[in-house]
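Since the structure comes first, as structure tokens, the remarks are kept for the end.
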Amino acid sequence: MFQTEMHIAVQSLSSDVLTWLMRQVTASGYYAFVVAMVIAVMFGFSLRKGFLLFQVIAWTAVLSEAAKNLFGLPRPFFTDSRVACLEPGWDASTPFRAMAGSDFFSLPPRAVTEAYRLRDLSFGFPSGHVSGAIATWGGLAVVFRRRVLAWLAPFMVALLAFTRVYLGVHFLADILGGALLGGMVLSCAWKLNGSEANRRRFFAAARSRLRISLPGLLYLFFLFILPLVLALASLLNPIFAGFYVGLNAAFTLALRAGMPADEGSLAERLARVLLGGLLFWMLALGLRQAVSLLPVLSVSPWGKFLVSGLGTFLTLWGGLQLFRRLGLYRGGSAPAD
């Protein structure tokens, strides 16, 4: 599973057009696509369902990153110079040739793994792209319960997994490990929030008073305290941690204040999505400029946390207030999904 023969065979079919296409598909596993997906689902379809989808994606990303740091295994292009790294942005230089696993169940030699750990590069096992694809596309199928999404999810996961092999950045073992992790998180999400009753309990916990509610305390811990602890321990990217905490804070306040109904014409839904994306981009740009004026914050991971968190909070909270004033949202608080 840590062999490179598969990569060499697949890359023998490479072309400029195919490589460009694989890069576009694999881009759906990165932060920008997740942000766009969450904004589109929350403002375009359902605030509550978008929030649930985001929880699945977020915790899959957290567990994937923790697993990568725990195992600390190299990527294919580093173990074998015959494998090209076709994804830009990597330091793909390597002194090793044909030094991957010697058979199907073997790990790369220890010397290769130790050398890779000295590089400032992300580890390979498990694949965060594959686990994230299962969380995203499988999460859509679970949250919205649409047959077409249930059929689309396996195709998108398989396609994205192929891009990671083609680009030379993941072994077969990484793919399988990511699939297992993503499947486990998705299964837990289904058990916790797959039924209408469980969803109502989850949103009731968000509205509950902390001093008298154990569910409310658990909600506070997992959605706010734990992400901050993980970021402090350098186990969670500060940008993602800020995005996560900011969105959770805005959603919780909006839920307690009374959310608008999600209904609207196609034009109104599209307007909410486009304006929400524009608002997020403008806030992120403005906040980055403001933080750059403060030398202490500009070089600190917490500056990135602040920009991401505050930008996300203002996008959701401010977007809801703005869209209500513009008539893009109607009605009072929508019933829990």
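The values are calculated or read from the model by the stated rules, or taken from the named source; none is laboratory data. Computed from a predicted structure; not experimentally measured. Positions of Cβ are generated from backbone atoms using ideal geometry, with glycine treated the same way; all protein chains shown enter the neighbour counts.
I'd like to verify a number: residues in the stretch 188-240 that are more than 28 Å from Ala32 (Cβ to Cβ), among the polar types (S, T, N, Q) and assigned to a loop (DSSP other than H, G, I, E, B), how many?
So the count comes out to 3.
Tell me yes or no: at least one residue of the stretch 2-19 is within 30 Å of Ser308 (Cα to Cα) and surrounded by 19 or more Cβ atoms within 10 Å (Cβ to Cβ). Spell out the reasoning first.
So in the stretch 2-19, the residues within 30 Å of Ser308 (Cα to Cα) come out as none.
Checked against the condition, which is being within 30 Å of Ser308 (Cα to Cα) and surrounded by 19 or more Cβ atoms within 10 Å (Cβ to Cβ), the stretch 2-19 yields no hits at all.
State yes or no: is Phe240 of a type outside the set (Lys, Arg) and closer than 30 Å to Pro76 by Cβ? Lay out the reasoning, then the answer.
Details: of a type outside the set (Lys, Arg): yes; closer than 30 Å to Pro76 by Cβ: yes.
It is true that Phe240 is of a type outside the set (Lys, Arg) and closer than 30 Å to Pro76 by Cβ.
State yes or no: is Thr26 β-branched (Val, Ile, Thr), assigned to a helix (DSSP H, G or I), within 18 Å of Gly242 (Cα to Cα) and modelled with pLDDT of 90 or more? Explain how you work it out, then say what you get.
Details: β-branched (Val, Ile, Thr): yes; assigned to a helix (DSSP H, G or I): yes; within 18 Å of Gly242 (Cα to Cα): no; modelled with pLDDT of 90 or more: yes.
No: the conditions fail for Thr26.
What number of residues in the stretch 241-270 are farther than 18 Å from Leu316 by Cβ and either under 20 Å from the mean Cα position of the chain (by Cα) or part of a loop (DSSP other than H, G, I, E, B) (or both)?
Adding up the residues that qualify gives 2.
Collect the residues in the stretch 263-289 that are more than 16 Å from Lys304 (Cβ to Cβ) and in contact with a Leu (Cβ under 7 Å, 6 or more places away or on another chain), keeping them in residue-number order.
Once the filter is applied, which keeps residues that are more than 16 Å from Lys304 (Cβ to Cβ) and in contact with a Leu (Cβ under 7 Å, 6 or more places away or on another chain), the stretch 263-289 yields Gly264, Glu268, Ala271, Arg272.
Is at least one residue of the stretch 302-320 of a type outside the set (Ser, Thr, Tyr), outside the structural domain of Phe45 (by TED's automatic domain parsing), closer than 23 Å to Phe202 by Cα and in a loop (DSSP other than H, G, I, E, B)? Explain how you work it out, then say what you get.
Of all residues in the stretch 302-320, those of a type outside the set (Ser, Thr, Tyr) come to 302-307, 309-311, 313-314, 316-320.
Pick out the ones that are also outside the structural domain of Phe45 (by TED's automatic domain parsing) and you get 302-307, 309-311, 313-314, 316-320.
If we keep only those that are closer than 23 Å to Phe202 by Cα too, we end up with 309, 313, 316-317, 320.
So of that shortlist, the ones also in a loop (DSSP other than H, G, I, E, B) come out as none.
No, the conditions are met nowhere in the stretch 302-320.
When both residues are 6+ apart or on different chains and their Cβ atoms are under 6 Å apart, which pairs have a first residue that lies in the stretch 180-193 and is in the same structural domain as Ala133 (by TED's automatic domain parsing), and a second that is outside any helix (DSSP H, G or I) and surrounded by 15 or more Cβ atoms within 10 Å (Cβ to Cβ)?
Pairs that qualify, where the first residue is in the same structural domain as Ala133 (by TED's automatic domain parsing) and the partner is outside any helix (DSSP H, G or I) and surrounded by 15 or more Cβ atoms within 10 Å (Cβ to Cβ), are Leu181/Pro126.
If the Cβ limit is 8 Å and pairs must be 6+ apart or interchain, which residue in the stretch 300-322 that is at pLDDT 90 or above pairs with which residue that is not in a helix (DSSP H, G or I)?
Leu320/Met259; Leu320/Pro260; Leu320/Tyr329
Evaluate the following for Phe96: is it surrounded by fewer than 20 Cβ atoms within 10 Å (Cβ to Cβ), touching a helix residue (DSSP H, G or I) at 6+ places or on another chain (Cβ under 6 Å), free of Cβ contacts under 8 Å to residues at least 60 places away in the same chain and not assigned by TED's automatic domain parsing to the domain that holds Arg330?
Details: surrounded by fewer than 20 Cβ atoms within 10 Å (Cβ to Cβ): yes; touching a helix residue (DSSP H, G or I) at 6+ places or on another chain (Cβ under 6 Å): yes; free of Cβ contacts under 8 Å to residues at least 60 places away in the same chain: yes; not assigned by TED's automatic domain parsing to the domain that holds Arg330: yes.
So Phe96 fits the description; yes.
Check the stretch 326-337 and report whether any residue there is surrounded by fewer than 20 Cβ atoms within 10 Å (Cβ to Cβ), modelled with pLDDT of 90 or more and over 20 Å from Asn248 (Cα atoms).
We begin by selecting, within the stretch 326-337, every residue surrounded by fewer than 20 Cβ atoms within 10 Å (Cβ to Cβ); these are 326-327, 330-337.
With the extra rule that they be modelled with pLDDT of 90 or more, the set shrinks to 326-327.
So of that shortlist, the ones also over 20 Å from Asn248 (Cα atoms) come out as 326-327.
Checked against the condition, which is being surrounded by fewer than 20 Cβ atoms within 10 Å (Cβ to Cβ), modelled with pLDDT of 90 or more and over 20 Å from Asn248 (Cα atoms), the stretch 326-337 yields at least one hit.
Could you please find all residues in the stretch 94-121 being under 18 Å from Asp174 (Cα atoms), among the charged types (D, E, K, R) and part of a loop (DSSP other than H, G, I, E, B)?
Asp103 - this is the single residue of the stretch 94-121 that is under 18 Å from Asp174 (Cα atoms), among the charged types (D, E, K, R) and part of a loop (DSSP other than H, G, I, E, B).
Test His129 against the stated conditions and say whether it is outside any helix (DSSP H, G or I), touching a Ser or Thr at 6+ places or on another chain (Cβ under 8 Å) and not β-branched (Val, Ile, Thr). First the steps, then the outcome.
Numbers: outside any helix (DSSP H, G or I): no; touching a Ser or Thr at 6+ places or on another chain (Cβ under 8 Å): yes; not β-branched (Val, Ile, Thr): yes.
Taking the combined requirement at face value, the residue does not satisfy it.
If I ask for residues that are outside any loop (DSSP other than H, G, I, E, B), among the aromatic types (Phe, Trp, Tyr) and surrounded by 18 or more Cβ atoms within 10 Å (Cβ to Cβ), which ones from the stretch 145-187 would you list? If you could, list the steps in order and put the result at the bottom.
Filtering the stretch 145-187 for residues outside any loop (DSSP other than H, G, I, E, B) gives 147-166, 172-187.
Filter once more, so that each one left must be among the aromatic types (Phe, Trp, Tyr): 151, 155, 162, 166.
The one that is outside any loop (DSSP other than H, G, I, E, B), among the aromatic types (Phe, Trp, Tyr) and surrounded by 18 or more Cβ atoms within 10 Å (Cβ to Cβ): Tyr166.
What about Leu210, is it touching a Gly at 6+ places or on another chain (Cβ under 9 Å), assigned by TED's automatic domain parsing to the domain that holds Ser15 and either modelled with pLDDT under 95 or under 22 Å from Ala250 (Cα atoms) (or both)?
Working: touching a Gly at 6+ places or on another chain (Cβ under 9 Å): yes; assigned by TED's automatic domain parsing to the domain that holds Ser15: no; either modelled with pLDDT under 95 or under 22 Å from Ala250 (Cα atoms) (or both): yes.
So Leu210 fails the test.
Tally up the residues in the stretch 224-250 that are among the β-branched types (Val, Ile, Thr) and within 19 Å of Tyr30 (Cβ to Cβ), please. Spell out the reasoning first.
Of all residues in the stretch 224-250, those among the β-branched types (Val, Ile, Thr) come to 225, 229, 239, 245.
Applying the additional criterion that residues be within 19 Å of Tyr30 (Cβ to Cβ) yields 239.
Matching residues across the stretch 224-250 total 1.
Please determine, by comparing only the residues of the stretch 69-93 that are part of a loop (DSSP other than H, G, I, E, B) and of a type in the set (S, T, N, Q), which one is modelled with the lowest pLDDT. Working first, answer last.
Initially, the stretch 69-93 is screened for residues part of a loop (DSSP other than H, G, I, E, B), giving 72-75, 80-93.
From what's left, of a type in the set (S, T, N, Q): 81, 93.
Numbers: Ser81: 95, Ser93: 92.
Step by step, filter the stretch 69-93, then rank; the result is Ser93.
Restricting the first residue to the stretch 9-38 and requiring it to be not assigned by TED's automatic domain parsing to the domain that holds Ile57, which pairs with a second residue that is among the charged types (D, E, K, R) and modelled with pLDDT under 95 meet a Cβ separation below 8 Å and a spacing of at least six or different chains?
none
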